[in-house]
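The values are calculated or read from the model by the stated rules, or taken from the named source; none is laboratory data. Owing to the predicted nature of the structure, the values given are computational and were not obtained by experimental measurement. Reconstructed Cβ throughout: ideal geometry from the backbone, glycine too, with neighbour counts over all protein chains shown. Ligands, DNA and RNA are stripped out before the accessible areas are found, and what is left, the full protein with its side chains, is counted by its heavy atoms. Shrake-Rupley method; radii C 1.70, N 1.55, O 1.52, S 1.80 Å.
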Amino acid sequence: MAPLKGNLHAHTHLSDGLLSPQEVIARYKELGYDFLAITDHDDWITESYWQTIPRGDPDLLVFVGVEIDHQRLGQHVGKILGERETLYVLNHPARYRLSLDETLRRIKLLTADGLSIHAVEVTDTGLYKAEYDVDAIGLPKVATDDSHRELQVGRAWIEVDAGRDRDAILRAIKAGDFRLGFAT
Ligand SMILES: [Zn+2]
């Protein structure tokens, strides 16, 4: 079974991205991605957001998600919805220059707050941040684009060992059954 290539973090003009959902989906499709999560900022979107995002087609599965602004911590958290599964990602700790201790503390606090963190980004807008790709953070590490514009599309991704099914993909990510990929 060939691994599935995907990006778990992308913005559209429904928040602060420049492209429409259709344009973002088309760009990733051109690059041969198998899945994509649209994750606009939760404090920008309207109620129609969830219906507005196209669900993709057999070639490119689209996940609907949001980037939650946890205001007390000043921490963004990715929430990606499958059919039954939900994936929570601690987004770009590198952007906040978090120490290892603070990263672990936030994971604990968010989990206690009902956002049970399943994975941690080791990228900031598609650029690898090796200091977070360490065993001391005992969760799977994901690479994402956090794309807001065309030039940020296709720089960092994961290749997941799963069948072409939203819940199977999210379960495989939670289990760490994937590898990171980066454009050179
Ligand atoms: Zn983002």
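Quick check: from the Cα gyration tensor, does segment 64-169 come out rounded (a/c under 1.5), prolate or oblate?
rounded
Helix-only mean residue ellipticity at 222 nm, the chain, DSSP H runs n ≥ 4 weighted -39,500 (n - 2.57), per residue, nearest 500. What is it?
-5500 deg cm²/dmol
Explain nothing, just the number: dipole magnitude of segment 90-153 about its Cα centre with +1 on each Lys and Arg Cβ and -1 on each Asp and Glu Cβ, in debye rounded to the nearest 20.
160
By the gyration tensor of its Cα atoms, with a ≥ b ≥ c the square roots of the eigenvalues, what is the shape of the chain: rounded for a/c under 1.5, prolate for a/b over b/c, or oblate?
Rounded is the answer for the chain, as its axis ratio a/c remains below 1.5.
Which value, in debye to the nearest 20, gives the size of the charge dipole of the chain about its Cα centre, when Lys and Arg are +1 and Asp and Glu are -1 at the Cβ?
300
Looking at the chain, what % of its DSSP beta bridges pair antiparallel, to the nearest 5?
The antiparallel fraction comes to roughly 60 percent.
Defining a contact as two alpha carbons under 8 Å apart and six or more residues distant in sequence, what relative contact order in percent does segment 4-182 show?
It rounds to 22 percent for segment 4-182.
Along the positive direction of the dipole of segment 42-161 (beta-carbon charges: Lys, Arg +1; Asp, Glu -1; about the Cα centre), which of L60, L90, L100 reaches farthest?
L100
Give me the percent of the accessible area of the chain that comes from carbon and sulfur atoms, probe 1.4 Å, all protein chains in place.
Carbon plus sulfur share of accessible area: 49 percent.
Measuring with a 1.4 Å probe in the full set of protein chains, what accessible area per residue, in whole Å², belongs to segment 4-182?
44
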